Structure formats: C-alpha cells, structure tokens
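The block underneath contains the structure these notes are about, expressed in structure tokens.
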Amino acid sequence: MKEGSDSSSGVSSGSGTAMASPRAFQRRWAPADEISLLEAAASHRQRHGGMPSPGDLAAALRGRLLTEDHHLDARAVSRQLASLRRRYAAAWRRLSSRGVVPVKDHDLRIYRLSKSLWEGSRGCGARKPIARHEARELGELEALYPCLSAEVEAVEASRLCAVPGVFRRSFRRIGDEKAAELEAKAKRLRLAELKVGVRLDMLRKEVAETILDLID
C-alpha cells in the first residue's frame, strides 16, 4: 500500500520531507573552545569539589566560545566531555606504556586540564603515569631520553653545577612524565637549531659568492 511505502522509506507522510539524521546537528568544537570547556569544568571542580552538570556548563559557556552557540546545550556539552575523556584515557595509556606525551601546546594543555578532572578515574590511571621516582641507571635514561640526557650533561658541565655529579645523580630520580615532556621540548629546540644552522650556511654561501664576484 502507498502508506506502507512512505513509512518504510523514512519519509514523513505529512510533509513529504526526509527525516534529518541527529548527527547533522552535532556541534563542532574549535580547539580553543575545548580548552574553554575544560577550564570551566576544572574551575567549578576546584571551587565546589565536584563536576558541574552539562546544563550548567552550557549556560556558563554561552557567548564565550569562538564558534557559534547554535546547538550548545547540555547534550552537546556532555558529548564533548565524553570525547575529551576518551582522548585523555588514550593519551594516558600512551604515556604509561611508552612515555609519550603530547607535543603540541594545545594538546598538552588539553591533557593537563583533563588530568585535573579525570586522573584516577576508571581507565585514566589510578596514579600519575609511570611516576617512578626511584633511582634508575643512567644508561636506561639515556636510551629513553637522549636529547634530555644531553642537556643534563650540558648543565652538569656548566657553572650552574657547583658540586660535580649532583645533576647527573639527581637526574636518575626524574619521573617519566616530566622526562618525556622535557625530551619533547629538547627535540623541538634541536630541530629549530638545525633549521637555523642550515639557513645560516646558505646565507654565508650566498654572501661568499656575492663578495667573490666583486673581487677584481
């Protein structure tokens, strides 16, 4: 029958228009808005000792986000918090198993805010990721964090070290989370220095060629 045909095809018998999928109305969050959401939740938890309701967060964020407030309601906030919590749990597993921390500033900020909300909850670590502060062999640390180890040696050889060996001995007690964070920073700095060095070599070559052309 015609009525049955309309019903099975997913078309409204009254209007003749297709039913919209709920996914079409899911809000897209800008990176800065994710940080605003987590900051609002962390601030509430710090003041009141518990997580705010999604409805309260939606009301607090309305008018403060970069993207439009369309579809910013309790459901949108709850969905995004769940997504951020899953991302934190995945990042924590990477950190706890391989010592890998987020490299980008935005991702690191998201991780730290998420940690303040969900550290110790199910799937997110009952303690700080590999927070091992017992002394380890320098060889192990050098293999895990080669760039950081080189920086420790540089500090050890500098005038900052009044007592020989003190930085090297204390380095053995560093926690993996902080070590991985410093390793990432040291790698970024070395890459930047390498790029500057290459550009400087190119400039010097250009200068030399220009001066040589001027020689009589």
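The values are calculated or read from the model by the stated rules, or taken from the named source; none is laboratory data. As the structure is a prediction and not an experimental result, all values here were calculated from the model. With ideal geometry, Cβ positions are generated from the backbone for all residues, glycine too; neighbour counts draw on all protein chains shown. We work out accessible area using only protein heavy atoms, side chains counted, and drop any ligands, DNA or RNA first. Shrake-Rupley method; radii C 1.70, N 1.55, O 1.52, S 1.80 Å.
Among 175-185, 198-208, 47-57, the peptide with the highest mean count of other Cβ atoms within 10 Å heads the list, and the full ranking is 175-185, 47-57, 198-208. For the range 138-214, the Kirkwood estimate of hydrodynamic radius, built from reciprocal distances between every pair of different alpha carbons, is 14.8 Å.
Averaged per residue, the range 31-118 has 55 square angstrom of accessible surface, using a 1.4 angstrom probe with ligands and nucleic acids left out. Surface listing: I174, I211 arranged by accessible area from highest to lowest gives I211, I174, probe 1.4 Å. Restricting the calculation to Cα atoms, every distinct pair contributes to the Kirkwood radius of the range 31-118, found to be 13.5 Å. The listed residues I215, I35, I110 rank as I215, I35, I110 when sorted by accessible area, largest first, using a 1.4 Å probe.
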